[in-house]
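Some notes on the structure that comes next.
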Amino acid sequence: MDLFLTQGFEETTLDTIAEAAAISKRTFFYYFSGKEEVLAAWQQGLPEEFKQALIMETPNGSPLDLVYRVQLRLMKGRDTGHARAVNRIIRENENLSASNQVKFLRLEQAVFEALIELWPDIVRRDELRTVAMVAIGALRLALDKWASAQGEKPLAGFLDREIAQLKRITPR
């Protein structure tokens, strides 16, 4: 990640990555098929981290409020300068943008799985799936707006606005 951030994604070669990791290029290809997979692997832990953070919560209030609280808490532990640079790299590369969409689908599934652990009533499953989809959708919109604003303002503020808008249009 440091190489991508300092040299740029396109400019970072597989030779440079292998050298920095003190491995051969052949060993690199044993684990990854290319640079894109390195970046994707860096993001893979996020869905499980999100799921575990949700499961540790007490299921009081609405499921949407719970997901929102966890989103805010997880955001506070992130380096926004690093996140801004990674976001820029992803947006500049078509393959990375596509794999980033898969990350959001995995996040959505992780949120849904956590919610059904917290609210196991089978009757609520459709509602909980909708909450997972909407909560991750709000996060995606917030991230897009944050990136468009060059990350100059805190991401949490953008998420606040998306969640507030959701609550306005879906009273209950």
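Here Lys103 is the anchor, and the lysines within straight C-alpha reach of less than 21 Å, apart from those fewer than 8 places off in the same chain, are Lys35, Lys51, Lys76, Lys145.
I need the semi-axes of the equivalent ellipsoid of the range 1-62: take the C-alpha gyration tensor, multiply each eigenvalue by 5, square-root it, list largest first in whole angstrom. Working shown, then result.
Numbers: eigenvalues 236, 34, 15 Å².
Taking √(5λ) for each Cα gyration eigenvalue gives 34, 13, 9 Å.
Remark: the chain is approximated by an ellipsoid whose semi-axes, taken from the C-alpha gyration tensor as √(5λ), come to 33, 19, 13 Å, largest first. Considering only alpha-carbon pairs that sit under 8 angstrom and 6 or more positions apart, the relative contact order computed for the range 1-100 is 27 percent.
For a quick check of your reading of the filter: which chymotrypsin sites (Phe, Trp or Tyr not before Pro) in the range 1-50 sit in a DSSP loop and have no more than 10 other Cβ atoms within 10 Å?
In loop regions of the range 1-50 (DSSP not H, G, I, E or B), there are no sparsely surrounded chymotrypsin sites (Phe, Trp or Tyr not before Pro).
Averaging Cα coordinates gives a centre for the range 1-61 and one for the range 94-141; these two points are 21 Å apart.
For helix 63-76, report the angle its Cα long axis makes with the longest principal axis of the Cα atoms of the chain; keep it between 0 and 90° and round to the nearest 10°. Once rounded, the angle reads 30 degrees.
If you put +1 on each Lys and Arg Cβ and -1 on each Asp and Glu Cβ, how big is the dipole of the chain around its Cα centre, in Debye rounded to 20?
That gives a dipole near 560 debye.
The calculated 222 nm mean residue ellipticity attributable to helices in the chain amounts to -24000 deg cm²/dmol, summing -39500 (n - 2.57) over DSSP H runs of n ≥ 4 and dividing by all residues. On C-alpha positions alone, give me the angle between the axis of helix 80-92 and the longest principal axis of the chain, in degrees, nearest 10. Helix 80-92 sits roughly 70 degrees off the main axis of the chain. Loop-located GluC sites (Glu not before Pro) in the range 5-55 (DSSP state other than H, G, I, E, B) with a sparse environment of at most 14 neighbouring Cβ atoms within 10 Å: Glu10, Glu11.
Taking the C-alpha atoms only, the angle from helix 125-148 to the longest principal axis of the chain is near 50 degrees.
Counting only protein heavy atoms and using a 1.4 Å probe, what share of the accessible area of the chain belongs to carbon plus sulfur, as a whole percent? Exposed carbon and sulfur together represent 54 percent of the surface. For Cα pairs less than 8 Å apart in space and 6+ apart in sequence, what is the mean separation divided by the residue count of the range 30-150, i.e. the relative contact order in percent? Reported relative contact order: 36 percent.
Ratio of alpha-carbon Rg to the 2.2 N^0.38 Å globular estimate for the range 62-147, to two decimals, please.
Here the answer is 1.19, to two decimals.
Of the GluC sites (Glu not before Pro) found in the range 85-172, those that fall in a DSSP loop while having at most 13 other beta-carbon atoms within 10 Å are Glu152.
The values are calculated or read from the model by the stated rules, or taken from the named source; none is laboratory data. Predicted model only: the values in this text are computed from it and were never measured. Ideal geometry is used to build each Cβ from the backbone, glycine not excepted, and the neighbour counts take in all protein chains shown. For accessibility, only protein heavy atoms count, side chains too; no ligands or nucleic acids. Shrake-Rupley method; radii C 1.70, N 1.55, O 1.52, S 1.80 Å.
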